[in-house]
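The values are calculated or read from the model by the stated rules, or taken from the named source; none is laboratory data. Please read all numbers here as calculations on a predicted model, not as lab measurements. When we count neighbours, we look across all protein chains shown, and the Cβ atoms used for this are built from the backbone with ideal geometry, even at glycine. All accessible areas refer to the heavy atoms of the entire protein, side chains included, with ligands and DNA or RNA removed. Shrake-Rupley method; radii C 1.70, N 1.55, O 1.52, S 1.80 Å.
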Amino acid sequence: MSNAPHFSIDVDTFWNDPYPHLRQMRADAPIAYVPQLSATVFTRRDDIFTCEKNVAVFSSDQPGGLMNVLMGQNLMRKDGDEHLAERRQYYPAVSARAVRSVWQAQFEDHAKGLLDALEPKGSADLVEQYAMPLSAQSLKSLTGLTNMRFEDMDAWSQAMIDGISNYHGDAETEQRCHKATAGIDAAIDDMLPVVRKRPDTSLLSVMLEAGMPIDNIRANIKLTISGGQNEPRDAIAGCIWALLSHPEQLEQVRRGAAGWGQAFDEYCRWISPIGMSPRRVAMHHEFEGVQFEPDDRVFFMFGSANRDEAYFDDPDAFRITRDTQKSIPFGAGPHFCAGAAASRALVADVAVPRLFERLGDLRLDDSSAVKIGGWAFRGLLNLPANWTRS
Ligand code: HEM
């Protein structure tokens with residue numbers, strides 16, 4: 001175990017609002033061992049920015065880790081050349097060019113279909129009836145699993161996320177995760193002959209055409225579903241909530257003094273959908289006076305890095321005109337999010353602007369009724385809102 005100074009947290013408080021604890025850690029013990037998490041956590045932006053690139057020491061390869069056991073070893077759990085080779089086979093399906101030329105138009109269609117159904121209602125929970133289905137429909141397109149129901153895409157994503165953080169070994173959680181991965185495997189089996197006959201830009205087809213072994217394709221599709229459903233969902237709902245809760249800033253966007261992209265960047269800095277990423281220490285190492293031993297568990301706290309006072313003044317405030325270039329909500333190393341271009345197009349170019357264009361006088365039902373939670377993954381649990389029916 002590392003010899004980092006200990007810092008204790010109250011786990012429930014941390015789930016409800018991790019930022020006060022993280023601020024304290026940045027000030028008193030920026031690299032601290034947190035007994036309640038059984039991990040040494042990094043809270044300062046520069047330490048994470050430096051160490052995430054040192055893959056020889058801070059490894060993503062976690063043999064026996066829950067993600068490998070339950071979902072198969074995917075590209076995010078590999079290091080070095082092996083990782084880069086697989087990423088090169090994966091990336092063309094989600095590159096900025098593929099997003100511009102193929103996916104953006106499909107995101108627009110999905111958003112229009114949902115807004116056509118939503119507009120006449122006059123009120124709704126926008127997590128359940130907009131952000132979640134739009135993220136799931138878009139992920140069906142991106143993965144190529146268009147034969148899945150969007151409800152399954154969301155439920156199976158959650159079941160895998162619960163499964164890979166099921167450190168206390170709850171049997172029901174594990175069963176639900178196995179059911180989800182079996183469902184995804186069946187959907188892949190169903191679509192393989194289709195994309196073999198007519199290759200397209202989807203992840204399934206692109207990885208197949210690149211000659212990736214089928215077990216790796218299955219593992220990377222499961223990674224995409226586990227890491228590509230909740231995050232865009234939380235960014236869509238979060239951006240809408242943040243702008244409705246800061247009407248003067250929504251007005252700035254509406255009159256063109258700021259862009260939807262700035263609102264997206266600032267939201268992902270302010271409340272990073274992925275607040276933490278784990279690493280396994282691969283060899284003895286010393287960093288900033290802390291000694292690390294092989295197999296130590298390390299957490300890079302992106303949610304803290306993005307509120308680091310060294311880079312962001314008044315970091316707890318949502319301010320869309322601030323410079324967010326130093327924030328790292330998509331990571332800061334070789335594992336930088338492969339879906340970043342797709343997420344930006346989905347959330348900042350389609351989901352949020354189309355909603356505010358169609359529901360002109362959108363407002364929150366009651367801001368105190370909005371619930372938010374989580375530290376490893378953080379997002380809204382609900383977003384009750386209303387507007388004048390057309
Ligand atoms: C707002 C939405 C999203 C956020 C904030 C986000 C954030 C992240 C972060 C922080 C990482 C790095 C993890 C690390 O360093 O260990 C990551 C990796 C990854 N993300 Fe995303 N993500 C989002 C959406 C997506 C989507 C929609 C997809 C798929 C289409 C996706 C696919 C991936 C993949 C494949 C990796 C692993 C890349 C590698 O290991 O080389 N993400 N994401």
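Tabulated values for the structure
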| quantity | calculated |
| --- | --- |
| Criterion (open to solvent by less than 50 Å² (accessible area, probe 1.4 Å), more than 10 Å from the ligand (Cβ to nearest atom), among the aromatic types (F, W, Y) and in contact (Cβ under 8 Å) with a residue 40 or more places away in the chain) met by exactly one of F318, F302 | F318 |
| Tally of residues being touching a residue at least 40 places away in the same chain (Cβ under 8 Å), hydroxyl-bearing (S, T, Y) and in a helix (DSSP H, G or I) across the range 13-38 | 1 |
| First in the range 54-67 and over 11 Å from K78 (Cβ atoms), second anywhere and surrounded by 16 or more Cβ atoms within 10 Å (Cβ to Cβ) and of a type in the set (A, V, I, L, M), Cβ under 7 Å, 6 or more apart | A56/A282; V57/V281; V57/A282; F58/V281; F58/V298; L66/I164; M67/I164 |
| Inter-residue pairs, beta-carbon under 8 Å, first without any contact (Cβ under 8 Å) to a residue 60 or more places away in the chain and within 23 Å of D308 (Cβ to Cβ) and in the range 242-266, second open to solvent by 60 Å² or more (accessible area, probe 1.4 Å) and of a type in the set (D, E, K, R), 6+ apart | E266/R319 |
| The range 254-293, residues that are assigned to a loop (DSSP other than H, G, I, E, B), over 25 Å from S165 (Cα atoms) and open to solvent by 30 Å² or more (accessible area, probe 1.4 Å) | R255, G256, A257, H284, E288, G289 |
| Scan of the range 338-372 for residues that are modelled with pLDDT of 95 or more and among the acidic types (D, E), ordered by number | D349, E357, D361 |
| Selection count, the range 321-334, where residues are farther than 23 Å from M25 by Cβ and either within 15 Å of the ligand (Cβ to nearest atom) or touching a Ser or Thr at 6+ places or on another chain (Cβ under 8 Å) (or both) | 1 |
| Among residues of the range 338-368, those that are without any contact (Cβ under 8 Å) to a residue 40 or more places away in the chain and either open to solvent by 30 Å² or more (accessible area, probe 1.4 Å) or not in a helix (DSSP H, G or I) (or both), counted | 5 |
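Listed here are the residues, each with its yes/no results for (1) of a type in the set (D, E, K, R); (2) open to solvent by 20 Å² or more (accessible area, probe 1.4 Å); (3) outside any loop (DSSP other than H, G, I, E, B).
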position	(1), (2), (3)
T40	no, no, yes
D46	yes, yes, yes
T50	no, yes, yes
K53	yes, yes, no
A56	no, yes, no
Q62	no, yes, no
V69	no, yes, yes
Q73	no, yes, no
M76	no, yes, yes
